[in-house]
Amino acid sequence: MYLRSEVISMRSDLIELIDKIDEIKSHFQVAGGNGMPRSNVIYNKPEFSLWKQELQLELQHLHDKTKDMFIHNILVNLKQGFNGWRDEHSFNELSGSLLAMKKNIDKYYPLENEKIESFQGAIDMNQKRTKIFISHSSKDQSYVSRIVDFLENIGLRSEQLFCSSVPGYNIPLNEDIFDYLKKQFQDFNLHVIFILSKNYYESVACMNEMGAAWVLHNKYTTVLLPGFDFHEIKGSINPRQIALKLDSDRIEIKEKLDQLKDVLINEFGLEPLQGVRWESKRDSFISSILESTHPSTIIGPDAQKLLQAACNADEGTILMTKTLSGTDIQVENHNFITSQDRREIAKWENVVRELLVNEFIESRGKDGSILVVTQKGYDFIET
């Protein structure tokens, strides 16, 4: 025997699924050609599969209770009607049946003549707790652990975060992974952070998480890992929604992180972070991401000293000249070669090569005596 509040919840869940008919229909695509008949298909789209499974679950519960033949026929259509070539016909038939159910919803979910509104207040009083769910590929764990640290620095506690690959935030011992994930979606108002990469789209588990968040209308934030671009976004994520790209312009990254911080502080009621304290945490996170992206970009202290001087100079220029009187490596009026001892000259010539190899400077002019700082060089020093 269902409680009235459960009846209202199941009724609302079914209506919500029915209202997605037009949205699901947009995922049809043309198949066939090259001598084969063309047809509109949808059976292999993850968005449709998830929606279909949710419908089956709701309708099966209802059929078990009512033994209604109309619902039985809908379930048969759901289980047998989608195999490619009959998809469009089956979908049209399914849509008509579902809309008819919605029109007669009181028949299937009787409330003993009591209005739904009388229970709405009680439902609203029992709002789920908000929690961050980080949807990611385990192959990107090195980036994800830094993101978790960053969220901690904003003020989120361990019980407000779920991340399957980071110790302390993952699935407890002896828990079934799929059951545990399902429970997270059921028990919490999840704010999903999608950590997108090529690894993400190669993971079936990740795509299922994305589909579940879409079906349940979870709030989400999209983060693109270095090397992954906006045009590669696919699936149920809206590519037009503003996303944070971790290898974009540094100013843009700072701006997006500021916005994310403000959203989470408001959403979780956290203590505000302001001024130097926040900027230090934010910039430290950006630096850790850049360092993990380019782990081989390590230059020695002399190379850093020369690059720093060039970045500070108005022209951003290093002059390397060789004359009869010796070799000079200068930034503005400062000569880094303090003696014409061959060992000293070789040391600073090697420093220049180090900066060139790492593309922090580039040569200008026919003889290569003028060296200018690149954008990569400025970014490195700022980091």
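At a Förster radius of 35 Å, what calculated FRET efficiency corresponds to the Cβ-Cβ distance of Glu152 and Lys128, to the nearest 0.05?
Using R0 = 35 Å, I get an efficiency of 0.95.
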Convex hull volume of the chain per residue (C-alpha atoms, cubic angstrom): 209 Å³
Ala205/His334 FRET efficiency (R0 51 Å; Cβ-Cβ; nearest 0.05): 0.35
Simple spin-label estimate for Ile251 and Asp341 in nanometres, 7 Å along Cα-Cβ: 4.5 nm
Value of [θ]222 nm, deg cm²/dmol, for the chain, DSSP H segments ≥ 4, -39500 (n - 2.57) each, nearest 500: -16000 deg cm²/dmol
Estimated FRET transfer efficiency (Lys139, Ser284; beta-carbon r; R0 25 Å; 0.05): 0.55
Between the range 274-289 and the range 212-260, the Cα center-to-center distance that results, in Å: 20 Å
Inter-label distance, nm, simple model (7 Å from Cα along the C-beta direction), Lys107/Asn266: 4.5 nm
Leading residue at positive end of dipole, the range 12-115 (Cβ point charges), from Ser12, Leu98, Gly84: Gly84
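Readers should treat all values here as calculations from the given coordinates under stated rules, not as data from a laboratory. These numbers were taken from a predicted model, which means no experiment stands behind them. Cβ coordinates were reconstructed from backbone atoms using ideal geometry, including for glycine residues, and neighbour counts include every protein chain displayed.
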